[in-house]
Amino acid sequence: MITAEDVYLDGRWVRPDDAEWTDLEDPAREEVFARVALAGPATMDAAVTAARRAFDDGAWTSLTHAERLSYLKAMAQFLTENAATYGDLVVQEVGLPVGLSVGGVASVAYHVAYWEQAYEGYPWAEERVGVSGVHTRITREPIGVVAGIVPWNAPVSLSASKIVPALLAGCTMVLKPSPLNALSLRCFADAAEHAGLPRGVLNVVPAGIAASDALVRHPGVDKVAFTGSDHTGKIIAGAAAETLKRVTLELGGKSAGIVLADAPLDRLVETVPPGFTLNNGEACAAMTLMLVPRDRQEEIVAAVADAVGKLVVGDPRDPGTDIGPLAFRAHYTRVQKILETAQAGGARVVAGGGRPDGLDRGFYLAPTIVCDVEPDAEIAQQEIFAPVLTVLPYDSVDDAVRIANGTAYGLSGAVFGADDAEVAAVAGRIRAGSVHLNNALTVDIGVPFGGFKASGYGREFGPEGMNAYVEQKATFLDGQPFGS
């Protein structure tokens, strides 16, 4: 049994006097393997105070880009060298297959390397002449103290997408992991200690609901960067509005792939299965809705189901596993209920739908394909966050676009077809932050990622991701008094 009784704030490990305790259950074995302390509101206040002091005293903001980058590179190197250790914790915490878990830790270096080359091209300062002839300098300056609130499904890489640009911009941060990742995300605290990061620049504070609420409402926080559900995102947006904090919300999705009449079957077989099962199906941008011509439905479903049946569901510690268990008990129960409700309403389960043979323990769900549901059914409208693909037939392309845009979400989408011009034209009609042509899903940290509608606002990745952590200032270098 692992016990973690402290959190990292102001450059040291602190045992919270107001701690709540929670048990962590291994989702593959259904066994409690750790007991961890979660910070209460008073400890969270201390973390924000430390981050505020580190920002306001100028010790971090006054460093050059190269100096801040050197700290981040040292942290990334430490995490690369210890990726197996921290990756194993992710496997235990949420059942993510070991290759993805270890790769997620190693990906921190990828984020740092991107910003090492992209930093100089970012418009940190520009000279501009106004319409009156006044000369100005437009600068982008760090926004201040950031509350980075990250989800459990890909904890290390999704933390890196916030930590790296925020710290490089000159911000300081309180990183609030999900309680499920209270162990693995200690990696950033360990890396900060190893790199000698100045006190208060990065604080890693797992917390329960009360302390998380206190973090979002804290007047010492300038910016909230959140990845998670739309339900929690709405709560955060409302709480942050009380002090007019800047907010970035990367929320859920119900991403639809439109299969045109001439779409090659082999391309669907190649891309659709990983498109909805990646990360155990617990991925916000997963393509979990597939819209197919009515006269091709059985052909396409049979081919995709055959490919899905070849995926290996099993122990996430085994390098040969494609899909591990769902992350925790309550989530597993919720997904089962959604499938039961769909079947009670007449849905046909073509593949999966239950526990795979030979897996008597663990929160395992075989990759599932569901047909014969209406577009307004729960399973066709709501984010399930599991390896579940809902297939709907359509009678015209206009019908398909209407269905694809008919959910509350707008994170991602896809279009498959043989005619490049038609594929591009249909893609232009999808209301989503990302659209993929003849592919179910691609993510690139040099390209902005974010959603329309209930999938949130703001962007991560690319230069647009840095925009989330800066404010613009106009300095007037000359000019006449106003009104003269």
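None of the figures in this text is laboratory data; all of them are computed from the coordinates on show. This structure is a prediction, so every number in the text was calculated from the model and none was measured. All Cβ positions, glycine included, derive from the backbone under ideal geometry; neighbour counts span all protein chains shown.
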Quick calc: nm separation of the 7 Å Cα→Cβ label points for Glu120 and Asp318 -> 4.9 nm
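For the stretch 432-484, state the average projected area of the convex hull of the C-alpha atoms over all orientations, rounded to one decimal in nm².
Working: hull surface 27.2 nm².
With the hull built on Cα positions only, its mean projection is 6.8 nm².
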Computed ³J(HN,Hα) along the stretch 361-370: with the Karplus parameters 6.51/-1.76/1.60, θ = phi - 60°, integer Hz and x for glycine or proline, the list is 10, x, 8, 8, 9, 5, x, 10, 10, 10
Counted neighbours (other Cβ, 10 Å), sorted fewest up, put His65, His436, His135, His231 in the order His231, His135, His65, His436
Given (1) 1.37; (2) 1.02; (3) 1.11 as possible values of Cα Rg over 2.2 N^0.38 Å, the one from the coordinates is (2)
Least to most buried among Tyr119, Tyr409, by other C-beta atoms within 10 Å and fewest first, runs Tyr119, Tyr409
The helix 186-195 Cα axis meets the longest alpha-carbon principal axis of the chain at an angle in degrees, between 0 and 90 and rounded to 10, of 40 degrees
If each part is reduced to its alpha-carbon centroid, the stretch 98-164 and the stretch 354-431 end up apart, in Å, by 32 Å
Dividing the helical contributions, -39500 (n - 2.57) per DSSP H run of n ≥ 4, by the residues of the chain yields a 222 nm value, nearest 500 deg cm²/dmol, of -11500 deg cm²/dmol
Taking Cα atoms, the helix 230-241 axis meets the longest principal axis of the chain at an angle in degrees (rounded to 10) of 20 degrees
Here, Ala59 and Glu270, labelled 7 Å along Cα→Cβ, have an inter-label distance in nm of 5.4 nm
Ala303 neighbourhood, Cβ < 13 Å, K/R = +1, D/E = -1, net charge -2
In this structure, the FRET efficiency calculated for Glu298 and His135 from their beta-carbon separation, with R0 = 60 Å, to the nearest 0.05, is 0.30
Note, Leu180: beta-carbon cut-off 12 Å, +1 each Lys/Arg, -1 each Asp/Glu, net -4
Short to long, in 5 Å steps from zero, the percent of alpha-carbon pairs of the stretch 255-437 per bin is 1, 8, 18, 22, 21, 15, 8, 4, 1, 0
Sorted by chain and number, the residues with a modelled amide H under 5 Å from that of Gly200, at a separation of 5 or more or across chains, are Asp10, Gly11
Between Phe33 and Asn82, the two model label points (7 Å from Cα along the beta-carbon direction) sit apart by a distance in nm of 1.8 nm
Between Glu31 and residues 5 or more places away or on another chain, the pairs with built amide H atoms under 5 Å apart involve Asp26
Rounded to 0.05, the calculated FRET efficiency for the beta carbons of Arg329 and Ala425 at R₀ = 45 Å is 0.50
The helix 155-169 Cα axis meets the longest alpha-carbon principal axis of the chain at an angle in degrees, between 0 and 90 and rounded to 10, of 30 degrees
When Leu249, Leu185 are ranked with the fewest other C-beta atoms within 10 Å first, the list becomes Leu249, Leu185
To the nearest 20 debye, the chain has a Cα-centred charge dipole, built from +1 on Lys and Arg Cβ and -1 on Asp and Glu Cβ, of 1060 debye
